[in-house]
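Down below is the structure, laid out as structure tokens.
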Amino acid sequence: MSPLIISFAAFLGATMLIVGIAALSGMFNSSKAEDRLAVMTGKKKDVESEGIMKDELFREGAAGLSGLFQSVVGRLERMSRLFQQADCPVRPPVFFGIMGGCAMLGFAAMAFTHAPLPLLPGGALIGSSLPMVWLLMRRKRRFKKFGKQLPDALELIARALRSGHSLSSGLHVVVEEMPAPISSEFGQAYEEQNLGVPIETSLKNILVRMPNMDLKFFVTAVAIQKQAGGDMAEILDKIGYIIRERFKIMGQVQALTGEGRISGVVLMALPIALFFAVYYLNPTYIMLLFTEELGRKMIAVAVVLQILGAITIKKIVNIKI
């Protein structure tokens, strides 16, 4: 190597060494007041604040991810609870497979009837929603049947208590004497308390599976009676009487609101039926709703108005008692 290159490298190394020593000495000799002054004047970054901000951002991001994970887990739990509440004989993987098959059938049906191309995804969506509608209707029927059986079950428990039996024996009487679904639900509670679960907790588990307001009265009465005492049989008789009176009022309300419910069904189904009728009579006339910008806006507004009308009618005819 030439002496010029060697001398240049030595000079560069010595310079870097001096700069490094000066930096280190300044780092160790500077006081906290000087550091704060440098931060305030913008000559130095506040490393501690940046570290704290980074830690806070990391914690917020972790909290957001955990919240997202918990929301997904909560939805899965609600979905499994839906199958449990409906007493669905089909397992969830098979059920979702059926939903996919119904979606393909809906798509094929719309294509076979020569429906407009924008309606093909709608057909698939309607087809996939049919199994879920069936599941929700099954759950609703089961809730309704459970509610009708509850007054008789409470009377059986009250008679068992008057005969000298315990509350758990009263639950067993309901299991033996009444049909499903109330026998299966009370039977599960009876088995839980036999395994050592407190009877209040087992009844609350029924309330999770069967969210019924009248059942909530019964569970609350049992919890209060365990703590404060009282005539449980008389309490159950009064709860059963209240439930029967509520059923009478609900029947009257259903009779009075029958016209409104039928009107809502007709008003919801009439535009859809007219759409398909006019399409098969004059497809060119209907296709303007899909080919023109104004037509697409009209469809969007019509869908929104249909949804608002359905919600409004449901709010009017569903009277809580």
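The values are calculated or read from the model by the stated rules, or taken from the named source; none is laboratory data. Treat the numbers as computed from the prediction; the structure is a model and nothing was measured. Please note: Cβ atoms are built from the backbone with ideal geometry, for glycine as well, and neighbour counts cover all protein chains shown. For accessibility, only protein heavy atoms count, side chains too; no ligands or nucleic acids. Shrake-Rupley method; radii C 1.70, N 1.55, O 1.52, S 1.80 Å.
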Translational diffusion coefficient (Stokes-Einstein; Kirkwood radius from C-alpha pairs) of the range 205-321 at 25 °C, 0.890 mPa s, in µm²/s: 130
Along Cα→Cβ, 7 Å out, is where each label goes; now give me the distance between the ones at V265 and R246 in nm to one decimal. 2.6
Local electrostatic count, P89, Cβ distance below 15 Å [Lys/Arg +1, Asp/Glu -1]: +4
Note to self: with every protein chain in place and a 1.4 Å probe, the range 171-282 gives an accessible area per residue in Å² of 59
Cα-based radius of gyration of the range 84-172 once divided by 2.2 N^0.38 Å, which approximates compact folds: 1.82
Suppose the chain between I319 and Q254 were pulled fully straight at 0.36 nm per residue; how much longer would it get relative to their current alpha carbon spacing? 22.5 nm
Among K145/K238; K144/K226; K144/K314; K148/K314; K238/K315; K140/K314, which pairs are too far apart, with a Cα-Cα distance over 27 Å? K144/K226; K238/K315
Subtracting the Cα-Cα distance of M137 and F276 from 0.36 nm times their residue separation yields 47.4 nm
If you average 1/r over all unlike Cα pairs in the range 137-201 and invert the result, what Kirkwood radius do you get in angstrom? 12.1
Separation of the A302 and F290 label points, Cα + 7 Å toward Cβ, nm: 1.3
To the nearest µm²/s, what D does Stokes-Einstein give for the range 244-292 at 4 °C and 1.567 mPa s, using the Kirkwood radius over alpha carbon pairs as Rh? 95
